[in-house]
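*Asks:* Questions regarding the structure given below will be posed in turn.
The values are calculated or read from the model by the stated rules, or taken from the named source; none is laboratory data. As the structure is a computational prediction, the values presented were derived from the model and not from experiment. So basically every Cβ, Gly included, is an ideal-geometry build from the backbone, and we count neighbours across all protein chains shown.
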Amino acid sequence: MGWADLGTDGSTIYIYFDEGKTDDALALLAMVGLNMLVQLLLVYLQNRKNSELINARECGLVVTNLKPAVDGIRVIRGMESNGPIDYFSEMTVTKVSELGCEAIPGAVYQLKVYLKNDNKTTFPLISISMSMLSNVYAVFLMFYDPYVL
């Protein structure tokens, strides 16, 4: 879900630049960049006592958008973190960062741009839908308790 959302956001940024909506493209790019910076800061704080190789690996996971998958695997396997917070908390903070910095504001902003635009095409709706689905999925994962069922 994260890759699809990131891909449609990237394509939307490209389309905005192509259509001359530079301010809109930069605003959406800033949201994606802010999310990445917050996640990189979290990775630094979580791994500052580890080796540079581990820090580089963890930063690479953020930049390639593989961190949510790796965090999920770590949580499922019950792995122990050697940072100040456990992997479940790290995964939750990462998701909250994604929702607060990029996913929710990005979806709302893309919807605003779409409604302002006279030339209504299908792709922005796909991107907005992907962002909304990603948001719902992330919130569900954060609050779902498998032991309740």
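*Asks:* If you scan segment 102-121, which residues turn out to be modelled with pLDDT under 85 and within 24 Å of GLY7 (Cβ to Cβ)?
*Replies:* Taking segment 102-121 as the starting set, the residues that turn out to be modelled with pLDDT under 85 are 118-121.
If the condition is that a residue be modelled with pLDDT under 85 and within 24 Å of GLY7 (Cβ to Cβ), then ASN119, LYS120, THR121 are the ones that fit.
*Asks:* A follow-up question, please. Condition first: closer than 23 Å to PHE123 by Cα, of a type in the set (D, E, K, R), assigned to a helix (DSSP H, G or I) and at pLDDT below 90. Can you find one or more residues in segment 80-101 that meet it? Break it down stepwise before answering.
*Replies:* Initially, segment 80-101 is screened for residues closer than 23 Å to PHE123 by Cα, giving 98-99, 101.
From what is left, the residues that are of a type in the set (D, E, K, R) are 98.
From the residues that got through so far, the ones that are assigned to a helix (DSSP H, G or I) too are 98.
Now narrow it down to the ones that are at pLDDT below 90: 98.
Yes, there is a match, as at least one residue in segment 80-101 is closer than 23 Å to PHE123 by Cα, of a type in the set (D, E, K, R), assigned to a helix (DSSP H, G or I) and at pLDDT below 90.
*Asks:* Would you check if there is a residue in segment 5-21 being in a helix (DSSP H, G or I), under 20 Å from VAL139 (Cα atoms), in contact with a Leu (Cβ under 9 Å, 6 or more places away or on another chain) and not charged (D, E, K, R)?
*Replies:* The answer is no, given that none of the residues of segment 5-21 is in a helix (DSSP H, G or I), under 20 Å from VAL139 (Cα atoms), in contact with a Leu (Cβ under 9 Å, 6 or more places away or on another chain) and not charged (D, E, K, R).
*Asks:* May I pose another question? Out of all the residues in segment 106-133, which are among the hydroxyl-bearing types (Ser, Thr, Tyr) and either surrounded by fewer than 16 Cβ atoms within 10 Å (Cβ to Cβ) or more than 15 Å from the chain's Cα centre (by Cα) (or both)? Spell out the reasoning first.
*Replies:* Keep residues of segment 106-133 that are among the hydroxyl-bearing types (Ser, Thr, Tyr), which gives 109, 114, 121-122, 127, 129, 131.
Within segment 106-133, TYR109, TYR114, THR121, THR122, SER129 meet the criteria.
*Asks:* Test each condition in (1) surrounded by 15 or more Cβ atoms within 10 Å (Cβ to Cβ); (2) modelled with pLDDT of 90 or more; (3) closer than 20 Å to TRP3 by Cβ for THR64 and report the one that comes out false.
*Replies:* (1)
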